[in-house]
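Data first, discussion second: the structure below is written as structure tokens.
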């Protein structure tokens, strides 16, 4: 079994509720979306066997968890499942970063996931088509494990997208934390918009946090 892997490295998690924890990152090559704000487009990769991948991961020593990120890791669900299973045999914490669309693929691996960082791809931010139905179905699967939802907030992000996100979270998994992530490097310019969005979430009883991208602020990977 072979996977297309762009890079493997150890760093701190820069986003979401686990910001600051030390992780080994496995970046899968390829994505099924093309978000306007994407900052992780990669154009090269290496083909790795499961054994090669595990050797590299275990060589890093101590860390909080292993983050499978991308691209979109669920595009290579069969390989991902075997990697997750191998890590669970070693009692490692597994962390899946995903665009929150491929819910059928998530069913294949959910048993071996500990933490899921799920994106809501807001159409006014991504400049792509709306994916509300896909996000709803994905969250139905993801809520069986620890999950939080993350959305990039940019200059063009519209209130409708936030209210639609709230609607889905309340209907499917009302205790799920909603992370509003200001698009780097526009954090200061977005402060007023973020405050409005945060207040609306709170008024609807949604647990919400504004979390910037720490790794970019620190200038690290």
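The values are calculated or read from the model by the stated rules, or taken from the named source; none is laboratory data. Values in this document were obtained by computation on a predicted structure and should not be read as measured data. Heads up, the Cβs are rebuilt from the backbone with ideal geometry, glycines too, and the neighbour counts pull from every protein chain shown.
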Notebook entry, point to check: Within the bounds of the stretch 142-155, is there any residue that is more than 19 Å from residue 15 (Cβ to Cβ) and within 18 Å of the chain's Cα centre (by Cα)?
Noted result: yes
Item checked: Tally of residues being assigned to a strand (DSSP E or B) and either closer than 14 Å to residue 117 by Cα or free of Cβ contacts under 8 Å to residues at least 40 places away in the same chain (or both) across the stretch 8-22 -> 0
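Residue-by-condition table, conditions (1) part of a strand (DSSP E or B); (2) over 23 Å from residue 7 (Cα atoms):
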{"residue": "79", "(1), (2)": "no, no"}
{"residue": "155", "(1), (2)": "no, yes"}
{"residue": "162", "(1), (2)": "no, yes"}
{"residue": "166", "(1), (2)": "no, yes"}
{"residue": "179", "(1), (2)": "yes, yes"}
Notebook entry, point to check: Among the residues of the stretch 157-171, how many are more than 16 Å from residue 123 (Cα to Cα) and buried (at least 18 other Cβ atoms within 10 Å of the Cβ)?
Noted result: 1
Notebook entry, point to check: For residue 51, all conditions in the list (1) assigned to a loop (DSSP other than H, G, I, E, B); (2) exposed (fewer than 15 other Cβ atoms within 10 Å of the Cβ) hold save one; what is the number of the exception?
Noted result: (1)
Checklist line | Residue that is surrounded by the fewest Cβ atoms within 10 Å (Cβ to Cβ), among those in the stretch 172-203 that are touching a helix residue (DSSP H, G or I) at 6+ places or on another chain (Cβ under 9 Å) and modelled with pLDDT under 95 | finding: 185
